[in-house]
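Novice: Dropping a structure here in structure tokens format, bear with me for questions.
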Amino acid sequence: MSYQPLSRRNLLRGAVLLGAGAAGVLPAASAFAAVPKIYIDPGHGGTDSGAVGNSLQEKALTLAISLKTRDILKANWSVDVRMSRATDATVSLTARTNDANAWGADIFVSIHINSGGGTGFESYRYTSASAGSVRLQDNLHAKILAATRAVATVTDRGKKAANFHVLRESTMPAVLTENLFIDTAYDAGLLKRADFINATANGHAQGIAAYFGLGGGGGGGFSTIVDNASSRFTGSGNWAASAWSAQRYDADYRYATPDTTTSDAAWYKVAIPTAGAYYVDVWHPADTGYNNATPYIVAASGGNQTVVVDQRSGGGAWRNLGSFNLAAGDYNAVGISRWTTGTGYVVADAVRVRK
């Protein structure tokens, strides 16, 4: 989020009427819903690109971080997540806060990228913030710095307060994060790295979990999901898309006929932040017409390892393939092969890699 020119700062501030929840008090732990309602706001979008620099656009970066944050939260904890936008859509500031307020969100987290020639990370609460906003900022700030500093050198610009619309007009604890400077070469270099984007998203998720006292979730502080609809999934034209099963992870999944002569694997590209042991989980719908011996391939550091899964049962949930030593880097880490003597369609849906 840029502070230059001044008109853009005024856009973030919006109208100056105070929101009803601006000076609210922190609810007791028992006041939270059994399933926390988390509102994530990817800054800008659509006709509003936000800050630009070094061949990057703020709106694209905030959406990428927000989607990954949502996926990590849903993969590791029982939470309800709503987003102001999940695509490159134009959404006004008023529409964002109105939507969060009407939904009854427990917290509001707005994700931005900075500009103006500086470097590092900073976070904002409202100028007369509630105790809940202060505590949310404390948790987010600490966890985001810890996660990003695990993969890079990041300057701490501090915890700040500002009269931004999304902080003022939301009726629940609210924090806005500024994740590096898009117009600074060093920061932009980090924002172009998949492992840094993953770390930033993980920091947001861990900070939110800490605020609600949800515990460690994935345990080691890293978790990422790659769905078949993602650009990080690749498969030949033999892998068709279907939304037939309600057990699918998201909008659809892929399926292919088995083949005893060629692998024709579909692959999930994963950014592994550091070398080490990781759990690999898979999600698939189950049906009697699906394959009873589907080969999953894990590109472990010592060589590919294959785990055979019966996709006729255990669908609609995460299934653990085991723990594998993975090298650091951004590469095709998990695959699904068509090469099997099993019968029925081979299905590729979603993959999760976590510590």
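Novice: Going by the conditions given, is V175 closer than 30 Å to G118 by Cα and part of a loop (DSSP other than H, G, I, E, B)? Quick ask: steps written out before the conclusion?
Specialist: On the way: closer than 30 Å to G118 by Cα: yes; part of a loop (DSSP other than H, G, I, E, B): no.
Criteria not met by V175.
Novice: Then there is this: Considering only residues of segment 74-128 that are of a type in the set (D, E) and within 30 Å of N54 (Cα to Cα), which is surrounded by the most Cβ atoms within 10 Å (Cβ to Cβ)? Please lay out each step first, then the result.
Specialist: Step one: list which residues in segment 74-128 are of a type in the set (D, E), which gives 80, 88, 99, 106, 122.
With the extra rule that they be within 30 Å of N54 (Cα to Cα), the set shrinks to 88, 122.
Details: D88: 15, E122: 19.
Applying the filter and picking the extreme gives E122.
Novice: Taking segment 320-339 as the region of interest, how many residues are over 14 Å from Y278 (Cα atoms), modelled with pLDDT of 95 or more and not hydroxyl-bearing (S, T, Y)?
Specialist: Of the residues in that region, 5 qualify.
Novice: Could you pull out the residue among N292, N320 that is out of contact with any strand residue (DSSP E or B) (no Cβ under 6 Å at 6 or more places or on another chain) and at negative phi? Can you show your working first?
Specialist: Working: N320 fails: out of contact with any strand residue (DSSP E or B) (no Cβ under 6 Å at 6 or more places or on another chain).
Being out of contact with any strand residue (DSSP E or B) (no Cβ under 6 Å at 6 or more places or on another chain) and at negative phi holds for just one of N292, N320, which is N292.
Novice: State yes or no: is A152 assigned to a loop (DSSP other than H, G, I, E, B), of a type in the set (G, A, S) and either touching a Leu at 6+ places or on another chain (Cβ under 7 Å) or free of Cβ contacts under 8 Å to residues at least 40 places away in the same chain (or both)?
Specialist: Details: assigned to a loop (DSSP other than H, G, I, E, B): yes; of a type in the set (G, A, S): yes; either touching a Leu at 6+ places or on another chain (Cβ under 7 Å) or free of Cβ contacts under 8 Å to residues at least 40 places away in the same chain (or both): yes.
So A152 passes the test.
Novice: When you check A328 against the structure, is it touching a helix residue (DSSP H, G or I) at 6+ places or on another chain (Cβ under 9 Å) and surrounded by fewer than 17 Cβ atoms within 10 Å (Cβ to Cβ), yes or no? Explain how you work it out, then say what you get.
Specialist: Working: touching a helix residue (DSSP H, G or I) at 6+ places or on another chain (Cβ under 9 Å): yes; surrounded by fewer than 17 Cβ atoms within 10 Å (Cβ to Cβ): yes.
The answer is yes for A328.
Novice: Report every pair of residues separated by at least 6 positions or lying on different chains whose Cβ atoms are under 7 Å apart, first residue within segment 175-191 and closer than 26 Å to Y126 by Cβ, second aromatic (F, W, Y).
Specialist: V175/Y124; L176/Y124; L176/F164; E178/F121; N179/F121; L180/F121; D187/F181
Novice: I would also like to ask the following. Of everything in segment 41-94 that's modelled with pLDDT of 95 or more and basic (K, R), which residue is farthest from N179 (Cα to Cα)?
Specialist: Only one residue tops the list, namely R82.
Novice: Out of T306, T341, report the one residue that is of a type in the set (S, T, Y), out of contact with any strand residue (DSSP E or B) (no Cβ under 8 Å at 6 or more places or on another chain) and either closer than 26 Å to W244 by Cα or touching a residue at least 12 places away in the same chain (Cβ under 8 Å) (or both). Reasoning before the result, please.
Specialist: Values: T306 fails: out of contact with any strand residue (DSSP E or B) (no Cβ under 8 Å at 6 or more places or on another chain).
Just a single option satisfies the conditions, and that option is T341.
Novice: Among the residues of segment 286-296, is any surrounded by 22 or more Cβ atoms within 10 Å (Cβ to Cβ), within 28 Å of W77 (Cβ to Cβ) and touching a Phe, Trp or Tyr at 6+ places or on another chain (Cβ under 6 Å)?
Specialist: Within segment 286-296, not a single residue is surrounded by 22 or more Cβ atoms within 10 Å (Cβ to Cβ), within 28 Å of W77 (Cβ to Cβ) and touching a Phe, Trp or Tyr at 6+ places or on another chain (Cβ under 6 Å).
Novice: So which residues in segment 155-181 are at positive phi and either out of contact with any Leu (no Cβ under 8 Å at 6 or more places or on another chain) or surrounded by fewer than 23 Cβ atoms within 10 Å (Cβ to Cβ) (or both), if there are any at all? So that I can check it myself, show each step before the final result.
Specialist: Filtering segment 155-181 down to residues at positive phi leaves 158, 180.
The one that is at positive phi and either out of contact with any Leu (no Cβ under 8 Å at 6 or more places or on another chain) or surrounded by fewer than 23 Cβ atoms within 10 Å (Cβ to Cβ) (or both): G158.
The values are calculated or read from the model by the stated rules, or taken from the named source; none is laboratory data. These numbers come from a predicted model, not from an experiment. No Cβ is skipped: glycine too gets one built from the backbone with ideal geometry, and neighbour counts run over all protein chains shown.
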